[in-house]
Structure formats: C-alpha cells, structure tokens
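Heads up: the structure comes next, in structure tokens.
The values are calculated or read from the model by the stated rules, or taken from the named source; none is laboratory data. Since we're looking at a predicted model, the values are computed, not measured. Here the Cβ positions follow ideal geometry from the backbone for every residue, glycine too, while neighbour counts run over all protein chains shown. Each accessible area value is taken on the protein alone, full model and side chains, heavy atoms only, with ligands, DNA and RNA left out. Shrake-Rupley method; radii C 1.70, N 1.55, O 1.52, S 1.80 Å.
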Amino acid sequence: MFPGGGQPDMQQLLQQAQKMQQDLAEAQQELAESSVEGSAGGGLVKVTVSGSGELQGLVIDPKAVDPEDTETLADLILAAVRDANAAASTLQQEKLGPLTQGLGGMPGLPF
C-alpha cells in the first residue's frame, strides 16, 4: 500500500534505488580497502585479510615451526584464517547491514 492510496512516484523510487546502489558500491569499496587481523596459538600465527575476505598477509612466528609437527602449524594457520574471516564478516555486517535493511531482506542477496 502506498500513502494515500496513490501510485508510487517512479522518479522518486528510481532516485532512491540509485542512491542505494551508490551507497552499496561505496561500502564495498571501503571493505576492499579495509583490513582485519586474525590470530591463533597466542599470536604465533597472524593473518591479515581485507574487509571483503581476501587474504593479504600471513606471519608465522619461528617458535610455531616444528619440522616434526607440520600438522599443528597447518591447524594454527587454518584457525588464524578463520579468525580473520570472522572479523571480516563482522565488518561486512557493520558496513552493509544498514544498507541491506532497506531492501526488506530480499532473497538471493549475499548479506
């Protein structure tokens, strides 16, 4: 239903959609330029990812390297990547959440 039972103002709807698209593009650009860090093993392995989830860096403390136990190192790396991706996901919700709420939870959107 539209206020007063009238027809929607198509020009206004188009302007709102264009503004929303612009805001969304700006938020996505901010995410791509942002970075978050994840760590594991008390900081023995640190991972940096962009706000959009792209792996940007990996730092491994020499204390984490045991040639006899590469499985533990692999587990630490996976845990650090997961931690960083969780931080990126939180950042995405902060940046994109308010923009997508106006869409009424449209199915098929990745947020």
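Brief remarks follow.
- Here Asp83 fits the description: part of a helix (DSSP H, G or I) and farther than 29 Å from Gln16 by Cβ.
- Leading residue by the ranking (farthest from Gly97 (Cα to Cα)) among those in segment 30-85 that are of a type in the set (S, T, N, Q) and open to solvent by 70 Å² or more (accessible area, probe 1.4 Å): Thr70
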